[in-house]
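Right, one structure below, let's go through it.
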Amino acid sequence: MPEPAIDQAAGTHDPNLLLQAEGVTKTFPGVKALSGMRLDLRKGEVLALVGENGAGKSTLMKLLTGIYPMEEGQFWLGGMPLNAKHPKEAQERGLAIIHQEFNLMPDLTVAQNIYIGREPLSGSFFLKPKDLDAKAQELLDRLGLPLDPRATVGTLTVAKQQMVEIAKALSYNARVLIMDEPTAALNDAEVDTLHDLIRRFITPETGVIYISHRMPELKRIADRVTVIRDGQYIDTMDMASATIDQVISRMVGRAIDTSARPENVRADRPVLLSVQNLSTKELIKDVSFELHEGEILGFAGLMGAGRTEVARAVVGADPRASGTITLRGKVINPHHAADAAKAGIGYLSEDRKRYGLMLGHSVSSNIAISSIADKFSRLGFVDDRAISKVSDAQRTALRIKTPTVAQLAKNLSGGNQQKVVIARWLVKNCDVLIFDEPTRGIDVGAKDEIYHLLNRLAAEGKSIIMISSELPEVLRLSHRVVVMAEGRVTGVLSADDASQESIMALATHPDADLPTTHPADHDHEDAR
Amino acid sequence: MTNNTTQAPTVVDVEGAGKSRIQSLRQRVQQLLAFGGLLIIFLVFSLVKPDIFPTYGNVTAILFSAVVVGLLSLGATLVIITGGIDLSVGTGMALCAVMSATFIVTWHIPVIIGVPMAIVFGGVLGAVNGSNVAFLKLPPFIATLAMMLVAQGLALVVSNKAPIYFDDASGYQKISTGTLIDDNFLAGVPLPRNFPNAVIVFAIAAVIATILLTRTLLGRYDLAIGSNEEATALSGVNVKKWLVIIYAAAGLFTGLAGVMISARLGSAQPATGAGYELQAIAAVVIGGTSLSGGKGSILGTVIGALIIAVLNNGLQIISVPQEWQNVILGIVILLAVYADQLRTRRGGVH
């Protein structure tokens, strides 16, 4: 990059900054998404960007990278005005973005994905596949990423798909790397790998904007943190001196107690659901546990430990190889999720876009879908007015941010989509609720609401299984914690015994108290 | 959280080259299965009618009969891989045949120029389809359904509702029924000889389609769009432009099919064509290309077209009535797609 010519006339911008946003405003029909937003990214720093759902982080990034057209305001990159008209232009100027939802072609290989649009060619039409693979291998080696350029992306784990995204972004010789919730689907080891990668990327001429809700993580990786709220710039703080509580209170405008503990923990409750010796063909081996009435049973473990697979096998979404499921003393044998729902077990998937929502349908349809047959129909006729009424009540109760329940699910932010799925099971009124990563990608304020909600549901007598990769969440809510590793239960901890250390010990040392048969054949971390 | 650094290697290094090898193996299996099906069908007919079915003459006839549907299915493969569909190839082919006759018979344009013009005309039809899909954002089903009707109508308008017969002296029919590789062609070299040129044309077209799909930007973006259109666009690929190009390329195969069918018949029949699009789509899905897009192969499609041709031929030889031939073809399509889905489901991909 040539030294930028300093444009004196252009206003208050500081050419020594790597990236600067000034007075950025964006209006959507009926909503002012951003108003007078500013942002400074210094050279050589990792800048955390935090804000609640709908605060405007994604909008800002989409303006920056040319996905949305600029309305008002100005971006500067290394002192030069930047107004990208489309993503490719932003890429060419040295701006790389990793979206929360990956933009990968699952049927293509790693190398084909990285160089899509820039394939090595002979002439201007014919591909050179060997050159492509070699080029990709060289890039991956340079970045220290353990990926096979010929592997099909759809077969890789989430963490590896993210590496592909990063490799793709960095292959443009990016100066600014923007990461939107990069660790939402990663386990702690993978987060460390990612952070190492970011540190290697940082030079005096580059910078990273790191959007995340995981506060302890920001402490570790970010130099400064910029807080935005309701489309407006709030504050920028040095990470070293700011406390997490300070950041959170700036985000939500109020203090949140992060030291809350499980509520209503009692040992004398009857068993509601009992799972004995559950195994699947793929991963799960001999899993047994009991769920008591009014209990929140946490499921902790690293990614690929098999927690989601247990949930799916219990509700019959995946076939069981063996095992007995007893609900209220009666053996049940659900063959698909509908059977389980009928018996009173509701499963809330971790991947809402793939398994949770009908994105092209309205919020109310999404909320009602599980209950139409038993609650919203008479003689086969669907009662749309009842659906709207109940959905609207849920919209208010869960504070789903949408002007109306007729809005399409795909137009909601990630956190609000999650609330829609939660509302579905609340309407269904199941006795056993299996929440798989209930707060994935949801901001701190909304998380707190969901925690209160889970506690309230348990207090009302619902039995809850909560699968979560966030230890603070597990510790805060779980009456007991089941820890899994490599498809087995490695321990069950009481609320008093559960700590980050005790859980991680069980999650990372599965063979501590179990004679593991063959630890070698575990290439099914992506078996979902 | 304290000792996870020691955990990192086991998490990171699990998959590698092994997995991608299994992947490509699985793709091979898909083609092997279709090919195996073709062989089995062929063997069964050979056992039932050993004196008629497996003769050189009959195999040539099978290949000859596969040409038109085969050419259409090559283009259909390209379109279906984008996640789209092209319903206009049947009547589009009839229109191209009429245009070919108009160029050559009515306007007296030499065959050597008129034929490429007819093929390019097919490309234009495809480009219109592609534009309607890419720019007007019409669902491919609707865009090409409309084109199917338009092409059918135009074929009748241009031909004045009557077949146009090619003057035999122009040599037009030789494009299909002539035998370039006859006894004198490279005499002494051991080649299969005396089969119609149409088979050569189809073979060359299939090779070109394979190259397009596997070795060119067109194919790469075709697969990418079908796999994840939005991601492809965000990657800086001009998806709209490429959609037009892909549909246009498919249209070229339609145009070529129009030339081949009119050359075979010695006339352009404006009222024909409808129904061919479904056979072409059948060939594509039997060959293992997914209707949801993102994956597919030309070899599979060729095998699919051959399966249809072998079935039609063999069932005729053992005197199965036409209506039962359709029933059997329908069942074969179900079985082929079901087998494909079983395999992908078990593989755990998607």
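Residue ranges B:277-285, A:74-82, A:376-384, B:90-98 sort as B:90-98, B:277-285, A:74-82, A:376-384 when ordered by packing (mean number of other C-beta atoms within 10 Å per residue, highest first). Per-residue ellipticity at 222 nm, computed for the protein assembly as shown from helices alone with -39500 (n - 2.57) per DSSP H run of at least four residues, works out to -15000 deg cm²/dmol.
In terms of other Cβ atoms within 10 Å, A:243, A:326 run from fewest to most in the order A:243, A:326.
In chain B, the longest principal axis of the Cα atoms and the axis of helix B:17-48 are about 40 degrees apart. Taking amide H positions as modeled 1.01 Å from N, with prolines and chain starts lacking one, the residues under 5 Å from residue A:346 and 5 or more places away or on another chain are A:432, A:433, A:434. Seen from residue A:84, the other residues with C-beta closer than 11 Å to its C-beta sum to a net charge of +2, counting Lys and Arg as +1 and Asp and Glu as -1. Identify which of B:322, B:269, B:152 has the largest mean-square fluctuation in a Gaussian network model of chain B, with springs joining Cα atoms closer than 10 Å. Greatest mean-square fluctuation among the candidates belongs to B:322.
Helix B:89-101 and the longest principal axis of the Cα set of chain B meet at an angle near 40°.
Taking a sphere under 10 Å around the Cβ of residue A:462 and counting the other residues whose Cβ falls inside, with K and R at +1 and D and E at -1, yields a net charge of -3. Between residue A:261 and residue A:396, the modelled label-to-label distance comes to 3.6 nm, taking each label 7 Å out from Cα in the direction of the beta carbon. For the stretch B:34-347, the Cα gyration tensor yields ellipsoid semi-axes of 29, 27, 18 Å (square root of five times each eigenvalue, largest first, whole Å). Every Cα-Cα pair in chain A was counted, and those over 41 Å apart are 25% of them. Residues whose amide H falls under 5 Å from that of residue B:237, counting only those 5 or more places apart or on a different chain, are absent, with hydrogens built in the peptide plane.
Peptide B:230-242 has a mean shielding of 5, counted as Cβ atoms of other protein chains within 10 Å of each residue's Cβ.
For chain B, the longest principal axis of the alpha carbon atoms and the long axis of helix B:298-317 meet at an angle near 50°. Both the radius of gyration and Dmax for the stretch A:351-429 are 11.4, 36 Å, in that order, over alpha-carbon atoms. Here the Karplus relation 6.51 cos²θ - 1.76 cosθ + 1.60, evaluated at θ = phi - 60°, turns the backbone of the stretch B:74-86 into coupling constants of 4, x, 4, 4, 4, 6, 5, 5, 5, x, x, 8, 10 Hz, with x for every Gly and Pro.
Charges were assigned to the Cβ only: +1 to each Lys and Arg, -1 to each Asp and Glu. The resulting dipole of chain A about its Cα centre is roughly 1540 debye.
Straight-line cross-link partners of residue B:241 among the lysines, defined as a Cα under 18 Å from its Cα and at least 8 positions apart when in the same chain: A:85, A:88, B:137. The chymotrypsin sites (Phe, Trp or Tyr not before Pro) of the stretch A:99-137 meeting both criteria, a DSSP state outside H, G, I, E and B (loop) and at most 15 other C-beta atoms within 10 angstrom of the site's C-beta, are A:125.
As a proxy for reagent exposure, B:195, B:35 were ordered by neighbouring Cβ count within 10 angstrom, fewest first; the result is B:35, B:195.
Is there a pair in A:128/A:410; A:62/A:401; A:62/A:389; A:219/A:447; A:330/A:419 whose C-alpha atoms are over 27 Å apart, and which pairs would that be? Long pairs (Cα-Cα over 27 Å): A:128/A:410; A:62/A:389; A:330/A:419. Give the residue from A:417, A:381, A:391 lying farthest towards the positive end of the charge dipole for the stretch A:351-429; charges sit on Cβ (+1 for Lys and Arg, -1 for Asp and Glu) and the dipole is referred to the Cα centre. So the residue furthest toward the plus end is A:417. Neighbour counting of Cβ atoms within 10 Å sorts the residues B:137, A:389, fewest neighbours leading, into B:137, A:389.
All of the numbers you see were taken from the coordinates with simple rules; none came from a lab. This one's a predicted model, so the numbers in the text were calculated from it and none came from an experiment. With ideal geometry, Cβ positions are generated from the backbone for all residues, glycine too; neighbour counts draw on all protein chains shown.
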